[in-house]
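Bear in mind that the values in this text are calculations on the coordinates, not laboratory data. Remember, it's a predicted structure, so these values are computed and weren't measured experimentally. A quick note on method: Cβ atoms are made from the backbone with ideal geometry, for glycine too, and the neighbour counts reach across all protein chains shown.
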Amino acid sequence: MINKVLGKTRFIKASHLIFLFVVLAILMFSSALIELHQSRKELIDLMIEQAHTLSETVLIQSKNNLKTNLLIEDIIEERLLNNASVIKSYYERGWVNNQFLEKFARENHIFRINIFNSVGDKVFSSHKNIHDDVPSSRAPENLLNPIFEGISDTLILGLKTARRGEGFRFAVAIAALDRSAILVNIDAAELLNFRREIGFGSILRKMILNSGILYTALQDTSGILAASGNVQELERIQSSDFLTSALEDSAFDFRITKFDTIRVFEAVHAFSFEDELIGLFRIGLSMEPLQAINSRIYRRIVVISIILFIIGFILITLLLIRQNLEISKKQYQIVETYSQNILQNVSDGIIVFNMVGNISLFNKSAERLCEVTADKIIGRNLKELFNPETCGDLVKSNFTMLEKDCTFNNQVKNLLISKSKYLNENDEWINILVIRDLTDRKRLETQIHRRERLSALGELASGVAHEIRNPLNAIGTIIQQLDRDFKPKQLDREYHQLTQLVYHEVRRINQTVEEFLRFARPAPLNPEEFQIEQLIDDIKKQYQSLLQEKAISFNIDMKWRGIVKWDREKMKQVLVNLIQNSLDVLGHNDSINLTITKTESSSVKIYFSDNGPGISSENLKKIFNLYFTTKTQGTGIGLSIVQRIVDQHEGVISVESQPGKGADFYIKLPVAIQNKKYSN
């Protein structure tokens, strides 16, 4: 049986360890995967935020640059128109020649000033013609035709390539009164350099310098407008639903795609200027941080796997190594538990203590016997529990078994104590006390002896009374007849007095015999159910005036107020006798105490005590004897009747007292007696 229990226990414990190991592994792997997922999510969110911020920054800067370029062109345009207007006024007055134009151009930082007549022939110029051998890319009559035809007085030619040679010019033209055209332009190299420095391409080139950005590009449906980084070719907008949707919605969006052979995080945003869609801005971010996180988590998973393998190997090894030890421990625990159960549930109190008296074990029976819980006494000295003055020194005394009266909570208990000792694993002597409470047994034995004496006395009284009553009746009859029929010659009065005296004495003897017979053959019990508190209240009311008259306090402690099944009148007689005995010996300001409790065994305990003069040890053994009394007017039958009634109720009564310390009566009765007539 023990092996089966041990096998089952070992299996459960091992399975618990394996379960904990599996749970730990799941938690560690789950933690790593959750961290991987969370890190990836956080990194993606960060990349989205970064890409969104970059794209918004680029778009804002680009719009600002375009506005700046337009403003600069407006300024250049206004300046050239102003210069052309001045030249126009001089030309119309006839003050213009080539030298004037050359000087004016030099002073106003104008690249070239040309004046063409209405048919397109150049009539004045600030520069000599040095490109006669170079063909013109644009004929003046075509370029300035709106002025020649009178369609427009002002032409903003803007940024154009040079008619002959390389380079770019920014030109404007205005009409004179004769429809001549005054053409003024400047070299646009500085303007173009400025555009390159602050333009969209410059912004893209600066962005690529940031770590993590692989490429940036501005793309429309025709192709790449501007780009930075190692961008040779990008996916066309028309071939991608994602790019097409982003361009049409003009909103920020992102995706993970491939650039050349590597995966990138690409963010896109449509670029519009002055309600005109220019293209789609694309920025590619490196996925290396995400790959680094993946690699770190994977390395962690590998390390966790190795650690778990080592832990699992160690656990299995320990389980195998400690298997026999565990079985031995379980066997010891079972034996110990079995022993503990025996020790805790035996009827005798068991107390274990060392040689100096410190208690290490205190079973439940000892708790009930000594009326103290184990948690309050373990670790304390035995002398605190057993008073050496009343119980002797149980720690140092050498005995095997003794019978001793010991006091607990002011109650004297008769104990049978046995003592033994053993040597523990630390080579220390340990003492064991086995205590049996003989109090109830002693009380029962005493009560049985009293009952036997009373029964024997009752039988004797019954026989003697029968033998005495008949002669007494005859004597009484004769005395009455002599008193009535016989007439003495002398002392007639004295004669009648003597006969009446004899007759009354005979009657008194007969009454005594009747009382004897009533005690020897008590009336049967008449049990009924009633509230014990009601009985106590009736008695208290009965003696209330007398108690107040003698200034005696009657203290009642009802710790139990249940229903009992007793002979109410006889139990009232018991309490009345006890109270009356106390009242006969108590003085002013003394007290009577009555306590009602219920035991675990469904018995009712009645504690009755007073602080009177007490009872001597010599008289204590006689107080329940018939006709024993220490009172001058007492009959000596009251406590004998109390004893008889308690016997009839299958109860036990005992008394403890010391001279000068009052008397304590203990009555223990069943809660309910059987519903039958008792006549002991």
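At 7 Å along the Cα-to-beta-carbon direction for both residue 89 and residue 399, put a label point, then send me their distance in nm to one decimal.
A separation of 14.5 nm, rounded to one decimal place.
Under the √(5λ) rule applied to the eigenvalues of the Cα gyration tensor, what semi-axes describe the equivalent ellipsoid of the stretch 205-290? Give them in Å, descending. Spell out each step's value before the answer.
Working: eigenvalues 85, 39, 29 Å².
That gives 21, 14, 12 Å for the three semi-axes.
If you rank 127, 37 by fewest surrounding Cβ atoms within 10 Å, what's the result? Let's see the in-between values first.
Details: 127 14, 37 11.
Placing the least packed residue first, the sequence is 37, 127.
Across all directions of projection, what mean area in square nanometres is found for the Cα convex hull of the stretch 21-124? Display every interim value, and only then the final one.
Values: hull surface 46.6 nm².
One quarter of the hull surface, i.e. the mean projection, equals 11.7 nm².
Could you calculate the contour length gain from residue 296 to residue 233, that is, 0.36 nm times the residue separation minus the distance between their Cα atoms, to one decimal place in nm? Don't skip to the answer; put the middle values down first.
Working: separation 63, 0.36 × 63 = 22.68 nm, distance 3.34 nm.
So the chain would gain 19.3 nm between residue 296 and residue 233.
Mind checking which of 261, 246, 227 is farthest towards the positive end of the stretch 205-290's charge dipole, using Cβ charges of +1 (Lys, Arg) and -1 (Asp, Glu) about the Cα centre?
Sorting the options by dipole projection puts first 261.
Quick one: grab Rg to one decimal and Dmax as a whole number for the stretch 315-363, Cα atoms only, in Å.
Reported Rg and Dmax, both Å: 16.5, 47.
Quick one: which residues, 5+ away or cross-chain, put their amide H under 5 Å from the amide H of residue 363? H built at 1.01 Å from N.
350
Per residue and in cubic angstrom, what volume does the convex hull of the Cα atoms of the stretch 528-670 have?
Working: hull volume 15.6 nm³, N = 143.
That works out to 109 Å³ per residue.
Using the structure shown, select from 329/376; 565/661; 570/622; 329/383; 598/631 the pairs with a Cα to Cα distance greater than 24 angstrom.
On the way: 329/376 30 Å; 565/661 34 Å; 570/622 22 Å; 329/383 35 Å; 598/631 34 Å.
Among 329/376; 565/661; 570/622; 329/383; 598/631, the Cα-Cα distance tops 24 Å for 329/376; 565/661; 329/383; 598/631.
Report the charge-dipole magnitude of the stretch 347-437 in Debye, nearest 20, computed about the Cα centre from +1 at each Lys and Arg Cβ and -1 at each Asp and Glu Cβ. All intermediate terms of the calculation are to be shown ahead of the outcome.
Details: 11 positive and 13 negative charges, 22 e Å.
Value, rounded to 20: 100 debye.
With Cβ to Cβ distances under 15 Å as the rule, what net charge do the other residues near residue 532 carry (K, R +1; D, E -1)?
Values: positive: 540, 559, 561, 565, 568, 570, 572, 598, 605, 668; negative: 528, 529, 533, 537, 538, 557, 567, 569.
Summing Lys and Arg as +1 and Asp and Glu as -1 gives +2.
So what's the projected area for the stretch 347-437, the Cα convex hull averaged over all directions, in nm²? Mind showing how you got there, number by number?
Numbers: hull surface 22.0 nm².
Mean orientational projected area (the stretch 347-437, Cα hull): 5.5 nm².
Between residue 428 and residue 288, what's the calculated FRET efficiency when r is the beta-carbon distance and R0 is 56 Å? Round to 0.05.
On the way: r = 72 Å, r/R0 = 1.28.
The value I calculate is 0.20.
Pop a pseudo-label 7 angstrom from the Cα along the beta-carbon direction at both residue 414 and residue 588 and give the gap in nm to one decimal.
The two pseudo-label positions are separated by 4.2 nm.
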